[in-house]
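The values are calculated or read from the model by the stated rules, or taken from the named source; none is laboratory data. Model, not experiment: these values are computed from the prediction. With ideal geometry, Cβ positions are generated from the backbone for all residues, glycine too; neighbour counts draw on all protein chains shown.
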Amino acid sequence: MASDTVDEKGAGEGRAILYRSLRSLHPDSETEAMIARAEADDELSNSTPGVGVDRQRSGRTRFRGN
Amino acid sequence: MRLAARRWAVAWRIVIALAALGAAAWKSLIDLKVFAGTTQLGIALVVFPASLVAVESIRSAVAAYRRPQTEQDRNQILLLLRGAILTISDVTHVPEREIGANLFRIRRAWYAPWNCHLHRMLHERMSFSPQPSSVKWTRGKGVIGAAWENRQTQVANLTRLPAELAAVVDEATFQLIDESTRGGFTYAEFQGLRGKYAEALASPVLSHDGTRVIGVVSFDIPSTVRSPAPGALLDDARVIGAAEEVSSFLANSIERA
């Protein structure tokens with residue numbers, strides 16, 4: 001489970017860098033709204049497992065093949 | 001729209017215009033008693049070209065109505081791909097201009113709905129080289145097709161090919177390799193990709209209900225990029241997290257396309 005935790009932490013960092021990049025590229029209300037929705041989904045799914053999970057992200061994997 | 005599709009669209013319009021002109025001329029000559037013709041033929045000569053023109057006009061009107069939304073979607077896709085490129089550059093220290101990004105959506109051939117392939121909606125790389133490949137990506141083919149098939153993000157180190165593939169010198173030696181090692185590529189596709197990229201990452205885009213893969217987003221680093229860890233830059237949780245977030249954002253644009 002440790003690798004899951006580490007990977008999720010890394011993925012969270014990646015998402016934070018992405019949000020920063022998007023804000024720098026196009027700082028408008030639509031971008032903010034899109035990011036706010038994603039952050040709210042993250043918050044909800046982290047605080048209440050199984051509830052509020054953005055189903056679009058259900059395809060995420062912590063492990064990769066090639 | 002691709003060049004071939006644009007040519008067909010123009011040819012189709014010319015055919016419709018000529019058919020309408022020909023039918024109108026023929027009808028006029030029948031009316032002037034130059035040619036003999038039945039009433040049914042006269043009606044057909046009016047209704048048939050009028051139907052073609054009506055269909056084409058409605059199609060054009062719908063396309064014109066949808067154009068602003070299409071432009072908006074294109075800009076949104078571009079923003080997300082560029083955001084991901086900046087993120088990958090930030091994490092891997094590969095210059096932004098080198099990183100390539102693509103968005104594909106699954107398309108069915110109208111004449112054979114069971115025949116699905118990935119249609120490239122947008123390609124983004126600041127540098128003009130390398131140009132996007134001409135591979136027809138299908139389910140299971142390469143890292144992009146594998147993301148579609150497995151519904152999971154795939155990362156491939158392309159600097160180290162399996163020994164059999166590295167030893168390929170011609171089509172005959174390529175055909176001797178088993179299908180799973182060939183990754184679904186034809187010899188021409190393999191040759192076109194060989195040595196072009198150091199690594200690639202592909203992430204599936206799922207439908208809103210999460211039941212279907214509707215597209216794939218991919219990122220690549222060309223083999224010309226100098227790196228202390230060639231082939232291992234994209235296999236980073238931060239890159240994967242950002243790519244999967246982008247793929248989830250892109251679902252709307254694909255579903256509207």
Q) In the stretch B:178-191, what residues are of a type outside the set (Phe, Trp, Tyr), more than 13 Å from every other protein chain (Cβ to nearest Cβ) and surrounded by 14 or more Cβ atoms within 10 Å (Cβ to Cβ)? A) B:Arg182, B:Gly184, B:Thr186, B:Glu189, B:Gln191
Q: Tell me which residues, restricted to the stretch B:155-177, are of a type outside the set (Ser, Thr, Tyr), more than 30 Å from B:Ala243 (Cβ to Cβ) and surrounded by fewer than 16 Cβ atoms within 10 Å (Cβ to Cβ).
A: B:Ala167, B:Val169, B:Asp170, B:Glu171, B:Ala172, B:Gln175, B:Leu176
Q: Please tell me if B:Ser28 is of a type in the set (Ser, Thr, Tyr), in a helix (DSSP H, G or I) and over 32 Å from the mean Cα position of the chain (by Cα).
A: yes
Q | Long-range neighbours under 7 Å by Cβ, at least six apart or interchain, first residue closer than 15 Å to B:Thr87 by Cα within the stretch A:24-36, second basic (Lys, Arg) and part of a helix (DSSP H, G or I) | A | A:Leu25/B:Arg82
Q: Look through the stretch B:206-242, keep the residues that are among the small types (Gly, Ala, Ser), facing chain A (nearest Cβ under 9 Å) and surrounded by fewer than 23 Cβ atoms within 10 Å (Cβ to Cβ), and return whichever of them is nearest to B:His93 (Cα to Cα).
A: B:Ala237
Q. Limited to the stretch B:1-36, what total is found for residues that are without any contact (Cβ under 8 Å) to a residue 24 or more places away in the chain and touching a Phe, Trp or Tyr at 6+ places or on another chain (Cβ under 8 Å)?
A. 3
Q | Candidate set: the stretch B:202-257, residues that are part of a loop (DSSP other than H, G, I, E, B) and among the hydroxyl-bearing types (Ser, Thr, Tyr); chosen: the one modelled with the lowest pLDDT | A | B:Ser227
Q) Can you tell me which residues in the stretch B:43-76 are in contact (Cβ under 8 Å) with a residue 24 or more places away in the chain, within 27 Å of the chain's Cα centre (by Cα) and either outside any helix (DSSP H, G or I) or farther than 22 Å from B:Glu255 by Cα (or both)? A) B:Glu56
Q. Can you tell me which of B:Arg74, B:Arg97, B:Arg66, B:Arg107 is away from every other protein chain (no Cβ under 14 Å), in contact with a Leu (Cβ under 9 Å, 6 or more places away or on another chain) and among the charged types (D, E, K, R)?
A. B:Arg107
Q. Is it fair to say B:Leu79 is crowded, with 19+ Cβ neighbours inside 10 Å, within 14 Å of chain A (Cβ to nearest Cβ) and without any contact (Cβ under 8 Å) to a residue 24 or more places away in the chain?
A. yes
